[in-house]
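Visitor: Just dropping this structure here.
The values are calculated or read from the model by the stated rules, or taken from the named source; none is laboratory data. Small disclaimer: the values here were computed from a predicted structure and weren't measured. Backbone-built Cβ (ideal geometry, glycine too); neighbour counts: all protein chains shown. Remember, those area values only see protein heavy atoms, side chains included, never the ligands or the DNA or RNA. Shrake-Rupley method; radii C 1.70, N 1.55, O 1.52, S 1.80 Å.
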Amino acid sequence: MRIEVKKIATLTGHSDSIYALDKGIVEHLIFSGSGDKIIAQWNLKTFQDKKFVASYPSVLYSICHIPEKQLLLAGTSDGNVHILDLEKKEEIKILKNHTSQIFSIMYSIETNCIYTAGGDGNFAIFSLETFALIKIEKLCNEKVRDIDFNYKTSEIAVASGDCNIRIFDLKTLLEKKVFVGHRLSSNVVRFSPDGKFLLTGGKDAHLNIWQVGHYDKIKSIPAHDWAIYDIAYSPNSNLFATASRDKTLKIWDSKTFQLLKVINKEKYDGHQFSVNKLIWSTYNNYLISAGDDRAIIIWEINLNKTS
């Protein structure tokens with residue numbers, strides 16, 4: 001396989017590091033959240049300057065758009081989750097159950113719940129209907145960093161700073177398995193779209209591949225020079241990308257886990273500093289990256305299969 005990478009646009013306007021991205025109200029829109037305490041909306045068609053959405057009293061570490069409910073959730077450095085009604089354009093609730101950064105917010109229509117991961121070591125679950133707290137559990141004394149769902153096996157994976165990956169039953173919330181994911185903090189968990197593999201990235205710069213079920217490690221790749229912060233699959237699932245503090249994005253074959261392309265500053269005019277977040281959009285198959293250089297970069301990734 002041969003990968004062609006083309007830088008389409010750089011979106012600037014945030015005045016601090018960008019930690020959060022999510023898909024927008026329609027396919028060609030995205031949201032971003034930054035250390036400047038602002039959520040902005042961007043247009044992938046026009047590459048227009050940011051449209052202000054909301055400002056907050058604290059740094060934004062995570063955002064979660066729930067299109068089915070027309071809600072936008074924002075997780076801040078003080079442990080609050082702000083719930084914005086996009087139709088009414090007003091804040092309708094603040095969840096104040098964590099005491100430090102909200103690193104990840106996820107939701108499931110299947111369970112009708114919201115899930116949050118906090119720097120206080122807590123993993124919390126809320127009702128998507130009433131926003132009432134269903135459960136909060138102290139997983140460790142380190143930060144809880146990331147959450148992902150596997151609907152094929154009805155499981156939740158949670159990554160945390162104590163190096164562990166925890167697997168919970170999606171329906172009962174009972175803990176099914178705990179295993180050491182990385183030598184240093186486990187930062188990101190991402191199930192493959194077919195539900196067969198769990199990909200994890202750590203502070204140890206390794207990309208680890210686990211077989212779903214027994215969660216045996218089938219591959220450990222020294223993928224980056226510094227911590228891995230995010231993993232995103234392409235819409236057709238053929239590829240996935242990793243983002244790192246080493247300022248690079250890397251594109252991988254999702255079948256063989258082979259490295260196909262390194263996207264850096266030198267060759268592709270990539271990020272100057274840490275790359276914190278990724279989205280692989282269905283709109284034009286754009287890969288979107290954001291980082292500490294306050295830039296959102298839109299990439300076109302084309303895959304040419306060689307004979």
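Visitor: Could you tell me whether any residue of region 62-83 is open to solvent by 40 Å² or more (accessible area, probe 1.4 Å), part of a strand (DSSP E or B), closer than 24 Å to Gly201 by Cα and not polar (S, T, N, Q)?
Guide: Of region 62-83, the ones open to solvent by 40 Å² or more (accessible area, probe 1.4 Å) are 67-70, 77-78.
Retained after the next criterion (residues that are part of a strand (DSSP E or B)): none.
No, every residue in region 62-83 fails to be open to solvent by 40 Å² or more (accessible area, probe 1.4 Å), part of a strand (DSSP E or B), closer than 24 Å to Gly201 by Cα and not polar (S, T, N, Q).
Visitor: Scan region 1-17 for residues that are open to solvent by 20 Å² or more (accessible area, probe 1.4 Å) and either under 23 Å from Gly79 (Cα atoms) or touching a strand residue (DSSP E or B) at 6+ places or on another chain (Cβ under 7 Å) (or both) and jot them down.
Guide: So in region 1-17, the residues open to solvent by 20 Å² or more (accessible area, probe 1.4 Å) come out as 1-2, 4-8, 10, 12-13, 15-16.
Met1, Arg2, Glu4, Val5, Lys6, Lys7, Ile8, Thr10, Gly13, Ser15, Asp16 - these are the residues of region 1-17 that are open to solvent by 20 Å² or more (accessible area, probe 1.4 Å) and either under 23 Å from Gly79 (Cα atoms) or touching a strand residue (DSSP E or B) at 6+ places or on another chain (Cβ under 7 Å) (or both).
Visitor: Only residues that are part of a loop (DSSP other than H, G, I, E, B), more than 21 Å from Arg145 (Cα to Cα) and of a type outside the set (A, V, I, L, M, F, W, C): list them for region 37-55, please.
Guide: First pass over region 37-55, keeping only residues part of a loop (DSSP other than H, G, I, E, B): 37, 44-50.
If we keep only those that are more than 21 Å from Arg145 (Cα to Cα) as well, we get 44-50.
Passing the criteria: Lys45, Thr46, Gln48, Asp49, Lys50.
Conditions tested, residue by residue: (1) within 22 Å of Ser234 (Cβ to Cβ); (2) over 18 Å from the mean Cα position of the chain (by Cα).
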residue	(1), (2)
Phe168	no, yes
Leu174	no, yes
Val178	no, yes
Ser185	no, no
Pro193	yes, no
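Visitor: For region 143-158, does any single residue satisfy the condition of being closer than 19 Å to Lys37 by Cβ, buried (at least 18 other Cβ atoms within 10 Å of the Cβ) and at pLDDT 95 or above? Reasoning before the result, please.
Guide: Of all residues in region 143-158, those closer than 19 Å to Lys37 by Cβ come to none.
No - not one qualifying residue is present in region 143-158.
Visitor: Let me ask something additional. Looking only at region 28-47, how many residues end up being aromatic (Phe, Trp, Tyr) and either open to solvent by less than 10 Å² (accessible area, probe 1.4 Å) or touching an Asp or Glu at 6+ places or on another chain (Cβ under 6 Å) (or both)? Write out each step before concluding.
Guide: So in region 28-47, the residues aromatic (Phe, Trp, Tyr) come out as 31, 42, 47.
Subset that is either open to solvent by less than 10 Å² (accessible area, probe 1.4 Å) or touching an Asp or Glu at 6+ places or on another chain (Cβ under 6 Å) (or both): 31, 42.
Of the residues in that region, 2 qualify.
Visitor: Same structure again: How many of the residues in region 1-38 are hydrophobic (A, V, I, L, M, F, W, C) and without any contact (Cβ under 8 Å) to a residue 40 or more places away in the chain?
Guide: First, pick out the residues of region 1-38 that are hydrophobic (A, V, I, L, M, F, W, C): 1, 3, 5, 8-9, 11, 18, 20-21, 25-26, 29-31, 38.
Checking which are without any contact (Cβ under 8 Å) to a residue 40 or more places away in the chain leaves us with 26, 29, 38.
Residues meeting the conditions: 3.
Visitor: May I pose another question? Could you pull out every one of the strands (runs of 3 or more DSSP E) wholly within region 239-307 that has 2 or more residues that are β-branched (Val, Ile, Thr)? Reasoning before the result, please.
Guide: Working: elements: 239-244, 249-253, 259-263, 275-280, 286-291, 296-304.
In region 239-307, the matching strands (runs of 3 or more DSSP E) lie at 259-263, 275-280, 296-304.
Visitor: Can you name the residue in region 233-268 that is open to solvent by less than 10 Å² (accessible area, probe 1.4 Å) and of a type in the set (Gly, Ala, Ser) and, of all such residues, is nearest to Lys23 (Cα to Cα)?
Guide: Filtering region 233-268 for residues that are open to solvent by less than 10 Å² (accessible area, probe 1.4 Å) and of a type in the set (Gly, Ala, Ser), the one nearest to Lys23 (Cα to Cα) comes out as Ser234.
Visitor: Looking at region 122-160 only, could you name the residues that are outside any strand (DSSP E or B) and touching a residue at least 40 places away in the same chain (Cβ under 8 Å)?
Guide: So in region 122-160, the residues outside any strand (DSSP E or B) come out as 128-132, 139-143, 151-154.
Passing the criteria: Leu128, Phe131, Glu142, Lys143, Tyr151, Lys152, Thr153.
Visitor: Residues being over 20 Å from Asn141 (Cβ atoms) and either aromatic (Phe, Trp, Tyr) or open to solvent by 20 Å² or more (accessible area, probe 1.4 Å) (or both): count how many of those fall in region 98-114.
Guide: Of the residues in region 98-114, 6 are over 20 Å from Asn141 (Cβ atoms) and either aromatic (Phe, Trp, Tyr) or open to solvent by 20 Å² or more (accessible area, probe 1.4 Å) (or both).
Visitor: Further question on the same structure: Every residue in region 217-230 that is part of a strand (DSSP E or B) and farther than 19 Å from Ser17 by Cβ, please. Please lay out each step first, then the result.
Guide: Just the residues of region 217-230 that are part of a strand (DSSP E or B), to begin with: 217-221, 228-230.
Lys217, Ile218, Lys219, Ser220, Ile221 - these are the residues of region 217-230 that are part of a strand (DSSP E or B) and farther than 19 Å from Ser17 by Cβ.
Visitor: Of Gln211, Gln272, which residue is closer than 19 Å to Thr10 by Cα, among the polar types (S, T, N, Q) and at pLDDT 95 or above? Write out each step before concluding.
Guide: On the way: Gln211 fails: closer than 19 Å to Thr10 by Cα.
Residue meeting the stated conditions: Gln272.
Visitor: If you check Glu129 against the conditions, is it open to solvent by 50 Å² or more (accessible area, probe 1.4 Å), out of contact with any strand residue (DSSP E or B) (no Cβ under 9 Å at 6 or more places or on another chain) and not hydroxyl-bearing (Ser, Thr, Tyr)? It would help to see each step written out before you state the result.
Guide: Working: open to solvent by 50 Å² or more (accessible area, probe 1.4 Å): yes; out of contact with any strand residue (DSSP E or B) (no Cβ under 9 Å at 6 or more places or on another chain): yes; not hydroxyl-bearing (Ser, Thr, Tyr): yes.
Spelling it out, Glu129 is indeed open to solvent by 50 Å² or more (accessible area, probe 1.4 Å), out of contact with any strand residue (DSSP E or B) (no Cβ under 9 Å at 6 or more places or on another chain) and not hydroxyl-bearing (Ser, Thr, Tyr).
Visitor: In a strand (DSSP E or B) and modelled with pLDDT of 95 or more: is that true of Ile3 in this structure? Quick ask: steps written out before the conclusion?
Guide: Working: in a strand (DSSP E or B): yes; modelled with pLDDT of 95 or more: no.
When the stated conditions are applied, Ile3 does not pass them.
Visitor: Checking Ala20 against (1) open to solvent by less than 60 Å² (accessible area, probe 1.4 Å); (2) in a loop (DSSP other than H, G, I, E, B); (3) closer than 27 Å to Phe168 by Cα, only one condition comes out false. Which one?
Guide: (2)
Visitor: Here is a follow-up. Spot the failing condition for Ile25; the list is (1) under 15 Å from the mean Cα position of the chain (by Cα); (2) surrounded by fewer than 17 Cβ atoms within 10 Å (Cβ to Cβ), and only one is missed.
Guide: (1)
Visitor: Related question: Can you name the condition, by its number, that Glu90 falls short on among (1) acidic (Asp, Glu); (2) surrounded by fewer than 18 Cβ atoms within 10 Å (Cβ to Cβ); (3) touching a residue at least 12 places away in the same chain (Cβ under 8 Å)?
Guide: So the condition that Glu90 fails would be (3).
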